[in-house]
Amino acid sequence: MTDDGPNPAQAESVSFPLKRSFRGYSRETVDAIVTELTRRLASAEQRVVEAEGQNAALVADRNRMAAEIDRFREIERSLTQTLALAEESARVTEQRAADEAEQLLARARVEAEALVRDAASDRQRVFDEIETIRRQITRALEQLAPEGAPQAEEPAEAPAAPAGSTPSSGSPSATAPPPAATPPPVADDPGY
């Protein structure tokens, strides 16, 4: 037993010795018992107030923790939504980039094909110009040759390169015009 009085289990077994007097119980004994009971009652009430304060603090802690849990759940929902939106945005951006890359590749292919066609056309035009110049040179040489001099043979015409084919690097007709016929020596040339 503490000096606050008996605990609830001991309360029923507490007895107070009452002395009998001539006209009932002794006044001093009754006053002492009343004083002790008052002290014990005040102590019990104090413990009840403390317990209620502790209970209120626990309820406040529980409410605060419940509010924190609700706040964390809201943050979790917000983060989940943000993550879902970020994943969707990344997927859309990735798809858009893939589409743009495909469009760029398609455009590059079309432009490359046009360049190849233009280059083949230019190549054929150059071959045609070379052949025209060769014929003009051959005719000019024939006109310059004296009347009795042997005629320079016109070299066999090189076949025109097909459009789209690439000339081989070892072919003389693909890299240089055919050799022109050398003019016959002139009669008054001292080296003749």
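The values are calculated or read from the model by the stated rules, or taken from the named source; none is laboratory data. Just so we're clear, the structure is a prediction, and the values are computed from it rather than from any experiment. Positions of Cβ are backbone-derived with ideal geometry, glycine not excepted, and every protein chain shown enters the neighbour counts.
Of all residues being at pLDDT 80 or above and of a type in the set (Asp, Glu) in region 1-52, which is farthest from the chain's Cα centre (by Cα)? Just the residue, please.
28
Would you say residue 110 is assigned to a helix (DSSP H, G or I), β-branched (Val, Ile, Thr) and in contact (Cβ under 8 Å) with a residue 24 or more places away in the chain?
Taking the combined requirement at face value, the residue does not satisfy it.
Taking the conditions exactly as written (β-branched (Val, Ile, Thr), under 18 Å from the mean Cα position of the chain (by Cα) and in a helix (DSSP H, G or I)), does residue 59 satisfy them or not? It would help to see each step written out before you state the result.
Values: β-branched (Val, Ile, Thr): yes; under 18 Å from the mean Cα position of the chain (by Cα): no; in a helix (DSSP H, G or I): yes.
No: the conditions fail for residue 59.
Any residue in region 38-53 that's surrounded by 12 or more Cβ atoms within 10 Å (Cβ to Cβ): show its pairings with residues that are assigned to a helix (DSSP H, G or I) and not basic (Lys, Arg) at Cβ separation under 6 Å, as long as the two are six or more apart or on different chains.
none
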